[in-house]
Structures are given as structure tokens and as C-alpha cells.
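The values are calculated or read from the model by the stated rules, or taken from the named source; none is laboratory data. Just so you know, these numbers come straight off a predicted model, no measurement behind them. Positions of Cβ are backbone-derived with ideal geometry, glycine not excepted, and every protein chain shown enters the neighbour counts. Only protein heavy atoms, including side chains, enter the accessible area calculation; ligands, DNA and RNA are left aside. Shrake-Rupley method; radii C 1.70, N 1.55, O 1.52, S 1.80 Å.
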Amino acid sequence: MNDVTLKPSQSPLKGSLNVPGDKSISHRAVMLGALANGKTRITNFLTGEDCIRTIEAFEQFGVSIIQDGSTITIESNGSEHFKEPPEPLYFGNSGTTTRLMLGILAGLPFFTTLYGDSSLARRPMDRVVEPLEKMGARLDGRSGGTYLPMGVRGGGLKGIDYTLPVKSAQVKSAVLLAGLFAEGTTRIIERTATRDHSENMLRAFGADLTEANGAIQITNKNSLTGTNVQVPGDISSAAFFITAAAIVPDSRLTLKNVGLNHSRSGIIDVLVQMGASIDITNVQTIGGEKLGDITVTYQKLKATTIEGDIIPRLIDELPIIALAATQAEGTTIIRDAEELRVKETDRIKATTEGLAKLGAKVQPREDGMVITGGATLTGGMTEAYNDHRIAMMLAIASLITKDDVVIDDISSINISYPEFFQDLKTATGNG
Ligand code: S3P
């Protein structure tokens, strides 16, 4: 069994932590490093399960990828030398691997099949299949091409003009990556900005990518050249500790070298709006990505409303923000976050059920939730639904509960933050 019983801690969080590398950037670094000609060296790579699935996919194409701790070295002669994978590609729990790889597979002139775990098999792929078919790719999967397992016969793509119907960086990235193989220009318009790591990294590898009149444009004019990538700490992992320090009295914690890309840093804006004390120092930009140190000092929080364009900037942080809201004065409303329904699990259901089991007053809404603050959390038996971010949110809750928090299964935490419990011990002085 992978269940855990967490004793209420109440210990303030002190000192500093280096959280693991950013998941989104780690995936993209491997993908572009494998597609590029020459050598790519990635440091502070996230060695969580999702990113390992991405490495394995390219190994099946015959690319040489060497892992030494969190340093990855890729030597590639470019995608023209990839070979048809002998076996189906297994993408585990990773939606990012699947959706971005579909964009690449659509461009490769051979046949691939792919599948994942039971969570991935329930996640919609039609959002990616639709634009890729418009570009000329041939894809099929369960339910008329909506779900894995899928087969892709790639090649022969043409550029398209595409307005994103969903607020999804994965869809944008899949189309951009397919654009690397397409004849002509691929143009993407997004009505709401989503994370732009693909754009930053494509530029760093020398792609012909421009932004004009609100559209992102890519051609296959330039071939990619291997480069060095330093992956910043993952703000989505730091979020658990930022929030912990914001809700456990007497805390003062610094998270070092964390990615501060504007398209990802919505949690900082929201917590500051809620009255949190957050200082950002040592800011620098590497490979188009901003990073710096985040220091959080405990201070009482007040409720807020989270809606509109900020949602994609904090979509993965909403479960932990909901926990913060249980401790704020007043009622917090989260709306326009219907995308939470199609993450690793239905995160609106999982977050509201989990917090309610711990004694919080929280109501699900179709596109978000309403959280009444000022709750004393009791503790109780909870379910993580095999979702890493739900499991970590419940574990952080145990820092402020009166009684034990039991989580049914914490193994999913290895997806994005294998060192989570070690870091929790270090920050609470129990390491
Ligand atoms: C990701 C984009 C987001 C996010 C996911 C990672 C990415 O998904 O939730 O964890 O790396 O592009 P959507 O594109 O579906 O919003």
C-alpha cells in the first residue's frame, strides 16, 4: 500500500529549499534537444516520472540520451535520422508528453502507436488531433480519435492558421512543433495567453519563430541546433511550500532559483492580493526564462476572487490555492477554471472533496469552487485520486490540521516531485 498517515505538525517552515526543475521546461528541452542537430546539455532536469517518459520516447527513435543525476546529455543528428519505433510508446500519466509528442509524431514520416495509464486514457486528445488533422496528419484513437490508445501516421504536413479554442499551452505547443515539419507557415492565435515555454525554447534552439499582430508564427526554414538548457526550479512545485509558509504561523521560507515566467507566476499575484508577504530577489533571465528566489513570511490572509485571464497563469496551482483560501478571512471564489475538470483527475471534484473531508467549507461549481475561509481543519481520511498535485495539497494541509491526515496513495508524487517529503521534513525542521 502507498497510503500515509501524517501527524499534525504545526511547525513553522524555515530556511531555504531548492525545488526540482520545471516539468514543462524539462519536457520541452528533451524534445527540442532530440530534434536538433548536435549536442544538448540540460541541467537541473526534472527526473520525475513524466519527464522520464519523454526521454524513453526519443530513445525508441534511436536518439542517444545519457542521464547523470539531473544532468541530461543528448547527441542527435536531427529528426531525419529517427527510426520507426519498434514498440508502442508508453506515456504513463503524462498529458504533456502525449499532447506535445502528437505534434512531433504528426511530422515524422512513419507509423507510431501510443498509450498511457488509466488517467491518461481518460484525457481528451481531440483538442490536439483536430488541428493536426487540419495540417494533414493521419491520427486515430478510441471514440473517433478522442482518447488513447492512438495511432499516428505522420508526414506531409502543411502550415495552417489556427485560433486556439481551448486555453491550453499543450495544444499551442503541439501545433507549433508540428509547424517545424510543415510546408509554409503555421500561425497560431490565442485569445488568452498560456505558458510560453515552447516559444522561448524554440527560439533558443534557433527555430524561425516570430510573433506579429497577436499571432505566433513558425516555419521549417531553420533547422534546430543543439544548445545548453538550464532548467529553473518549478514554480508549480514551489507553490506547495510558498503556500505552506503563507498559512503556517511564524514561517519564513525561501525557495531558490524558481522560474518566474509571467505566464506561470499567477500564484504569486494571487497570494500577494490575499495579503501574503512575498519578496522576490536575485532575479535573472536564462534562455528566455526568468528565475529568482521567493521568500515568504507568514502573515494573515484575506479572501479574493480568481477569474479570467489569470487562470492559465495558475491553473496547476488552484488546488493548493484552495487550501490557502480555507485559512483566509472571507469567501474566495474561483471561476473560469473548467479546464481543471480534465487534468490528471477532475481537480474541482478532488480538491473540494478532499478539503471537505478535512473539515473545510467548500462548494464545487461547474467552472471552479467557492471556499469559506477561517476554517479550523480537523483531519481525516482523504483520497488523492492518483493525482500528484492533489496528494501534495493534502500533505501540506496536515501542517495545519488538529488530527491526522490519512492519504490513500502518495505514489503519484513521483510524477513531479520525488523529493517532496524530504523537503517537507527539511523545511519543518524534522529533516
Ligand atoms: C502544461 C500545460 C498545462 C498544465 C500542464 C503542463 C504544459 O496544461 O496544466 O500541467 O507543459 O504545456 P494545458 O495546456 O492542458 O492547460
Self-check item: Qualifying positions in the range 113-129 - touching a residue at least 40 places away in the same chain (Cβ under 8 Å) and crowded, with 23+ Cβ neighbours inside 10 Å
Solution: 128
Practice problem: Specify which of the listed residues (335, 313, 389) is in contact with a Gly (Cβ under 8 Å, 6 or more places away or on another chain), of a type in the set (D, E, K, R) and under 16 Å from residue 239 (Cα atoms). | Solution: 313
Quiz item: When you look at residue 322, is it in contact (Cβ under 8 Å) with a residue 12 or more places away in the chain and farther than 26 Å from residue 122 by Cα, yes or no?
Solution: no
Exercise. Please verify whether the range 386-400 includes one or more residues that are hydroxyl-bearing (Ser, Thr, Tyr) and either assigned by TED's automatic domain parsing to the domain that holds residue 96 or within 16 Å of the ligand (Cβ to nearest atom) (or both).
Key: no
Exercise. Please enumerate the residues belonging to the range 339-351 that are open to solvent by less than 10 Å² (accessible area, probe 1.4 Å) and polar (S, T, N, Q).
Key: 351
Practice problem: Could you check, for the range 147-168, whether at least one of its residues is within 16 Å of the ligand (Cβ to nearest atom), among the β-branched types (Val, Ile, Thr) and loosely packed, with under 15 Cβ neighbours inside 10 Å? | Solution: yes
Quiz item: Restricting attention to the range 9-41, which residues are part of a loop (DSSP other than H, G, I, E, B), open to solvent by less than 20 Å² (accessible area, probe 1.4 Å) and farther than 17 Å from residue 79 by Cβ?
Solution: 13, 19, 20, 22
Practice problem: Evaluate the following for residue 5: is it open to solvent by less than 40 Å² (accessible area, probe 1.4 Å) and either among the small types (Gly, Ala, Ser) or touching a residue at least 12 places away in the same chain (Cβ under 8 Å) (or both)? | Solution: no
Self-check item: Given (1) assigned to a helix (DSSP H, G or I); (2) open to solvent by 30 Å² or more (accessible area, probe 1.4 Å); (3) touching a residue at least 40 places away in the same chain (Cβ under 8 Å), index of the condition residue 109 fails
Solution: (1)
